[in-house]
1. May I ask you to sort Met15, Met132, Met32 by Cβ crowding, counting other Cβ atoms within 10 Å and putting the fewest first?
2. Just want the ordering: Asp100, Asp79, Asp31, Asp111, from fewest to most Cβ atoms lying within 10 Å of their own Cβ.
3. Could you tell me the relative contact order of segment 1-62? Use alpha-carbon pairs under 8 Å, at least six residues apart, and round to a whole percent.
4. Sort Glu92, Glu110 by Cβ crowding within 10 Å, fewest neighbours at the top.
5. Using the Karplus curve 6.51 cos²θ - 1.76 cosθ + 1.60 with θ = phi - 60°, work out ³J(HN,Hα) for each residue of segment 64-73 in order, rounded to whole Hz, and write x for Gly and Pro.
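Every number in this text was worked out from the coordinates using simple rules, so none of it is lab data. Because the structure is a prediction, the values reported are computed rather than measured. Cβ placement follows ideal geometry from the backbone for every residue including glycine, while neighbour counts extend to all protein chains displayed.
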Amino acid sequence: MLRITRQTDYGIVLMTQFLEGGDKKVLSARDMAEQTKLPLPTVSKILKALTRADVLSSTRGVHGGYSLSRDPHSITITDIIEALEGPISITECADGQPRDCLIAGHCPCEDNWSRINTAIRGALADVRLSEMNGGCKIPFSGLPGSAETITGTGESEGAASDGAEDSPA
């Protein structure tokens, strides 16, 4: 199953805390832990990793804390995932690093794994931090002819209409 870790999920939740307020909002790890109801050690660990990856900036002192290192429109979900998990790769051979695979070089699936990995990375890179806050709507085309969207709550709305009303016949 393809799944991000709980730490990365929490990292994205923490990053959305910077979207409310204004530019260069500075938040302490303690405030973020209180706002999100996450344990402070977990929050601190995630914020440090995001700072090492230059997704966040940290400031020491009385008015110190963490802030976005760049505009939220330029921070992608790929940036956050890679900061917390490392390179995104569906298989070891798809990340471009040399591996000790027994069938490397003559694997019939190698090109397709690379293609799939590129598609996944592209989809994640298309989603910006600025889109992850609350009620964002992501177009959903799960079914042919579908005009649904998935809301920030995970529910679908606005199913494609075939002209029929919802009233009984």
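1. Met132, Met32, Met15
2. Working: Asp100 6, Asp79 21, Asp31 14, Asp111 10.
Ascending Cβ contact count within 10 Å gives the list Asp100, Asp111, Asp31, Asp79.
3. It rounds to 27 percent for segment 1-62.
4. Numbers: Glu92 13, Glu110 16.
So the residues, fewest neighbours to most, are Glu92, Glu110.
5. x, x, 10, 9, 5, 7, 8, 4, x, 6
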